[in-house]
1. Based on the alpha-carbon gyration tensor of the range 78-133 and its eigenvalue square roots a ≥ b ≥ c, which shape applies: rounded if a/c is under 1.5, prolate if not and a/b is larger than b/c, or oblate?
2. What does the C-alpha gyration tensor say about the overall shape of the range 9-238? Classify as rounded when a/c is under 1.5, otherwise prolate if a/b is larger than b/c, or oblate.
3. Which of the three applies to the range 111-201, rounded, prolate or oblate, going by the alpha-carbon gyration tensor with a ≥ b ≥ c and a/c under 1.5 meaning rounded?
4. Work from the charge dipole of the range 9-238 (Cβ charges, +1 for Lys and Arg, -1 for Asp and Glu, about the Cα centre) and give the residue of Ala231, Pro171, Gly28 farthest towards its positive end.
5. Describe numerically, in nm with one decimal, the distance between label points set 7 Å from Cα along Cα→Cβ at Ser319 and at Arg89.
6. To the nearest 0.05, how large is the calculated FRET efficiency for Ala231 and Arg280 if R₀ is 30 Å and r is the Cβ-Cβ distance?
7. Go ahead and run the numbers for FRET between Val390 and Glu72, Cβ-Cβ distance against an R0 of 51 Å, rounding to 0.05.
8. Whole-Hz Karplus ³J(HN,Hα) for the range 142-152, in order, using 6.51 cos²θ - 1.76 cosθ + 1.60 and θ = phi - 60°, x for Gly and Pro?
Amino acid sequence: MATREPQLGWARHYFRAGDRVAVAVSGGADSVALLVVMADSRPESGLVLSAIHVHHGLRGAEADGDAQFVAELASQLDIPLRTEHGDVRALAAQRGQGIEEAARALRYRVFHDLLASHEVDAVATAHTLDDQAETVLMKMLRGAWTEGLTGIAPIVTLEGSGCGSGRIVRPLLEVTRAEIVAYLEARGHTWREDSTNQELMFTRNRVRYTLLPQLREFQPRIAEQLSRMAAVARDEEAWWARELARVMPGMVLPGKPVRGGGRANSTLPGEAGVAIELERLRAMHPALQRRVFRAAAEQLGGGLSFDQTEALRVLSGLSERATGKRARVELGAGLTGERTARELRLFRSPERTPSLLPELVVPVPGVLEAAEYGYRVITGGNLASGDTLVLRTPRAGDRVRLPHSRGVKTVKEVLERGGHSAAERAGWPVLAVGSSILWMSGVEVERTPGFQVAVEPLREREQPSPGT
């Protein structure tokens, strides 16, 4: 680029001579620059290039123009092109996703299928340092665990998913968008501008055009700083993965102890459980305690939020908030934590699965003791005439409005971005009027004028026993 044009070092770092690489090209500046740079490098890199363009079925004639532009560019550079069409709106409705999320899912499904066909060894995407900074900020704002701060990985290997050793590669992650524009202008190349990139209804655009400019007033190199933080987080997560692989086999025990020695697993269909010795937990640093709890939940097909993880630390007597009085905590999505004299047990009960949780009408104003959910719901004020407030689990099409966020979002989108698994999302408690969500466990929801709600856990003696 005008100030920092990519050298062949990146090609040698990410690829091997003879690799068949499909370059993902939208027609925007970033992907045009990537295609041009990689095309120019062919004599020295030895790469066998092709291009892939995904038409999302959005923006009508504008998107058709993007496809035509990419076809002409690929022809000029003598690079074979494949164009795939999809219907993002239909996919979003089918999955209960936002448009951004569904569009990304479509693109990566196309990339996955291309790699699985073994026609290419890698797909190269044009994510930049600015994209990395935006991604890390968005993860931070959503309250991601540390692994969420790893941002966009330079290389993702898709082994074991029908793709052989296929890779998604991001060669421009250390290049800024400004450098890309300067490079294209110096070379006399044009590109397409996606009109939706200016729409502030999308979170990434608000981060790009509103939040990052404000942060640059405090730190002009904020994008570089966030990118470095992501690199550090990736290395630390790799270390944690190895550490957990070492610790977990001897730490997490199956089932329950039985008299005379040994352990027994439940024979009830769908029930599974693991246990961790409290003495071993107490000897661990809190950082490792949290990792062990979360890994144990993943073994049972669930996921834990920060609050749920802290609830297990309190239950185990590992937190300064521990009282020693509580012996059991309901975590949602069928997961329960239970403390015995020597162990912390984490189990999934078939009698507590989300499909069996009832829908309960909540009086407004009034109080509902919801033992099935482990909550007491206290409401005040009033709702519109004829509205019925219900405590239930999410349905397809549920929408929620978050504070300081333009427009409504799907409940699925909010929980996915918070790092919650499908099993966890299925049993997530919500208060709803129709498909409008007025309260969600662990999520701050925009207040409804004239209506107040407080939700608190029931005391231990009020919690139902497993299987009741």
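Rule-based calculations on the coordinates, nothing more; no lab input. The model shown is predicted, which means the values in this text are computed figures rather than measured ones. Note: ideal-geometry Cβ built from the backbone for every residue, glycine included; neighbour counts use all protein chains shown.
1. Numbers: a/c = 2.13, a/b = 1.29, b/c = 1.65.
Verdict is oblate for the range 78-133.
2. rounded
3. oblate
4. Ala231
5. Distance between label points: 4.5 nm.
6. The computed FRET efficiency comes out at 0.35.
7. 0.40
8. Values per residue, Gly and Pro as x: 8, x, 5, 5, 4, 5, x, 7, 5, x, 8 Hz.
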